[in-house]
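*Asks:* This is the structure I have questions about; it appears just below.
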Amino acid sequence: MLKGKKIGLRARHEDDIPILLTELYDDPVNSSRAEGGPWRPITPGTNDSRLVPDDKDQSKVPFSVVELDGGTLVGTANLWGIDTHNRSAHIGLGLLPSCRGKGYGSDVVATLCHYGFVLRGLRRLQIETLSDNYAMLRAAERNGFVREGVLRSSAWVLGRFMDEVLLGLLAEEWKPDTPGSETPQL
């Protein structure tokens with residue numbers, strides 16, 4: 001398990017799946033805002049890649065996010081679109097509704113940065129998020145991500161087009177000792 005200040009990133013356990021399904025993916029609003037596509041129901045017991053990791057897919061590394069104090073599941077995180085030639089990847093995360101606003105997001109981003117830069121040897125990490133996702137924007141910027149652009153009206157979300165913000169962080173810019181990006185423990 002990778003340990004941040006408040007959270008740990010570990011492999012997905014089978015008992016995580018019903019919680020993630022109910023709390024994150026059965027909610028049409030949350031799912032539509034997070035997935036980059038229209039909501040569709042997920043059948044319980046399915047092998048949907050959002051819930052059940054494919055260990056053969058080397059372009060994505062999914063984690064379950066747990067509280068260090070007690071091990072309670074608080075969400076999901078992943079490095080996706082991993083490009084080993086250009087040494088880059090994207091960061092994604094989703095926190096359960098009851099776990100938002102507690103500082104977990106910044107800690108998840110910090111821990112994913114450690115994983116990407118230190119353990120994977122990546123050179124660039126990138127985040128794309130809706131322009132009104134202030135929590136994700138704050139979590140990214142607290143960890144040194146720089147706003148690189150706005151993709152105007154690029155996301156169709158719940159009946160309207162929304163802007164997406166593109167943020168990037170290079171390995172040489174990453175400062176693991178800045179607030180919100182404490183060096184995780186292995």
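*Asks:* If you go through region 12-25 one residue at a time, do you hit one that is among the acidic types (Asp, Glu), surrounded by fewer than 16 Cβ atoms within 10 Å (Cβ to Cβ) and either under 14 Å from the mean Cα position of the chain (by Cα) or under 19 Å from residue 135 (Cα atoms) (or both)?
*Replies:* no
*Asks:* Taking region 56-81 as the region of interest, how many residues are within 18 Å of the chain's Cα centre (by Cα), farther than 20 Å from residue 127 by Cβ and either among the hydrophobic types (A, V, I, L, M, F, W, C) or outside any strand (DSSP E or B) (or both)? Spell out the reasoning first.
*Replies:* The initial filter retains those residues of region 56-81 that are within 18 Å of the chain's Cα centre (by Cα), namely 57-68, 72-81.
Those still in the list that are farther than 20 Å from residue 127 by Cβ too: 57-58, 66-68, 72-73.
Remaining after also requiring either among the hydrophobic types (A, V, I, L, M, F, W, C) or outside any strand (DSSP E or B) (or both): 57-58, 66, 68, 72-73.
The number of residues fulfilling the criteria is 6.
*Asks:* Tell me which strands (runs of 3 or more DSSP E) are completely within region 89-182 and hold 2 or more residues being within 21 Å of residue 66 (Cα to Cα), or say none if there are none.
*Replies:* Output list is empty.
*Asks:* Can you spot a residue in region 43-60 that is modelled with pLDDT of 90 or more and either farther than 19 Å from residue 140 by Cβ or open to solvent by 20 Å² or more (accessible area, probe 1.4 Å) (or both)?
*Replies:* The answer is yes, given that some residue of region 43-60 is modelled with pLDDT of 90 or more and either farther than 19 Å from residue 140 by Cβ or open to solvent by 20 Å² or more (accessible area, probe 1.4 Å) (or both).
*Asks:* Which of (1) farther than 22 Å from residue 154 by Cβ; (2) open to solvent by 20 Å² or more (accessible area, probe 1.4 Å) is the odd one out, the single condition residue 99 does not satisfy?
*Replies:* Here residue 99 clears every test but (2).
*Asks:* Sticking with this structure for a sec: If I ask for residues that are in contact (Cβ under 8 Å) with a residue 12 or more places away in the chain and closer than 19 Å to residue 101 by Cβ, which ones from region 132-152 would you list?
*Replies:* 132, 133, 135, 136, 137, 138, 139, 140, 141, 142, 143
*Asks:* Okay, moving on. Can you report the number of residues in region 102-119 which are surrounded by 16 or more Cβ atoms within 10 Å (Cβ to Cβ) and of a type in the set (D, E, K, R)?
*Replies:* Count: 1.
*Asks:* Further, regarding this structure: Just name the residue that is surrounded by the most Cβ atoms within 10 Å (Cβ to Cβ) out of those in region 26-42 that are out of contact with any helix residue (DSSP H, G or I) (no Cβ under 7 Å at 6 or more places or on another chain) and assigned to a helix (DSSP H, G or I).
*Replies:* Across region 26-42, the extreme among qualifying residues is 34.
*Asks:* Under the condition of being at pLDDT below 90 and of a type outside the set (S, T, N, Q), which residue from region 155-183 is least open to solvent (accessible area, probe 1.4 Å)?
*Replies:* Step one: filter region 155-183 for residues at pLDDT below 90, giving 176-183.
Remaining after also requiring of a type outside the set (S, T, N, Q): 176-177, 179-180, 182.
Working: 176: 36, 177: 132, 179: 107, 180: 17, 182: 62 Å².
Here the answer is 180.
The values are calculated or read from the model by the stated rules, or taken from the named source; none is laboratory data. Just so it is clear, the model here is predicted, and its values are computed rather than measured. Note: ideal-geometry Cβ built from the backbone for every residue, glycine included; neighbour counts use all protein chains shown. Accessible surface is based on the protein model in full, side chains and every heavy atom, while ligands, DNA and RNA are left aside. Shrake-Rupley method; radii C 1.70, N 1.55, O 1.52, S 1.80 Å.
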